[in-house]
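Novice: Once you've had a glance at the structure underneath, I'll fire off some questions.
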Amino acid sequence: MGEKEVESLVARTISRIMIPFIQLFGIYVIVHGETSPGGGFQGGVILGTSMILYGIVYGLSKAKKRVSKKHLIILISLGVLIYSGIGLMDMLSGGKYLQYDSLPLPVDAHETTALSILGVELGIGLTVMSATIILFIYLAGERIGAGMDNW
């Protein structure tokens with residue numbers, strides 16, 4: 001793990017094939033977090049690790065070019081905003097924080113709850129994914145002397 005690509009053709013080929021499937025699985029885990037094991041945190045970590053795999057195989061400098069620090073910080077903020085926004089909308093609608101079924105949506109209470117939980121899971125997933133990528137780039141960069149300073 002460093003500035004250089006892994007020279008193994010097998011590692012590059014397998015990662016090129018696997019990264020999209022890892023990302024698809026991460027999205028699946030987030031979206032189905034309401035009804036199956038998993039959710040925003042687990043799906044966010046899976047999505048973040050797809051970028052970690054990219055950074056390990058193709059080098060930290062290519063990973064930094066692929067994602068910008070500014071965009072990751074925006075995604076972290078957006079995730080927190082989605083999570084807290086749904087909770088505040090519940091409170092403004094007369095319910096408790098993250099009560100879910102108190103939102104004034106034009107669907108029944110069960111569907112309102114499902115949509116609210118999906119929104120919360122998406123917010124958590126965005127935040128965890130972005131934080132995971134930032135931590136990897138920072139820690140890997142510190143090891144080789146190319147941390148967050150020149151990103």
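Here, each number is a calculation from the coordinates, and none is a lab measurement. Because the structure is predicted, anything quoted here is derived from the model rather than measured. When we count neighbours, we look across all protein chains shown, and the Cβ atoms used for this are built from the backbone with ideal geometry, even at glycine.
Novice: Just how many % of Cα pairs in region 25-67 lie over 14 Å apart, if you round to the nearest whole percent? The partial results should precede the final answer.
Specialist: Values: 444 of 903 pairs.
Of all Cα-Cα distances in region 25-67, 49 percent exceed 14 Å.
Novice: Let me ask another. Within region 42-75, whose backbone N sits under 18 Å from a point 7 Å along Cα→Cβ of L9?
Specialist: Within reach of a label on L9, which here means backbone N under 18 Å from a point 7 Å along Cα→Cβ, region 42-75 contributes 58.
Novice: Want the number for S84 to H32: 0.36 nm per residue separation, take away the alpha-carbon distance, what's left? Display every interim value, and only then the final one.
Specialist: Details: separation 52, 0.36 × 52 = 18.72 nm, distance 2.04 nm.
Difference between extended and current length: 16.7 nm.
Novice: Here is a follow-up. Given the options G33, A131, V10, identify the residue whose Cα lies farthest towards the positive end of the charge dipole of the chain (+1 on Cβ of Lys, Arg; -1 on Cβ of Asp, Glu).
Specialist: Sorting the options by dipole projection puts first V10.
Novice: A further question on this structure: Using the Karplus curve 6.51 cos²θ - 1.76 cosθ + 1.60 with θ = phi - 60°, what ³J(HN,Hα) values do you get for each residue of region 88-105, in whole Hz, with x for Gly and Pro?
Specialist: These are the phi-based 3J(HN,Hα) values: 5, 5, 4, 5, 5, 8, x, x, 8, 4, 6, 6, 6, 7, 8, 5, x, 9 Hz.
Novice: In addition: Which entry is the computed P(r) over Cα pairs in 10 Å bins from 0, in percent for this structure: [x] 11, 42, 37, 10, 0; [y] 11, 39, 33, 13, 4, 0; [z] 12, 33, 29, 16, 9, 2?
Specialist: Checking each listed value against the structure points to [z].
Novice: Sticking with this one: Per the helix-only calculation at 222 nm, which mean residue ellipticity applies to the chain, given -39500 (n - 2.57) for every DSSP H run of n ≥ 4 and division by its residues, nearest 500 deg cm²/dmol?
Specialist: Values: 5 runs with 109 residues, N = 151.
The per-residue figure over the chain is -25000 deg cm²/dmol.
Novice: List the aspartates and glutamates whose Cα lies under 12 Å from the Cα of K69, skipping any in the same chain that are fewer than 8 positions away.
Specialist: Answer for K69, where 12 Å is the Cα cut-off: D149, listed by chain and number.
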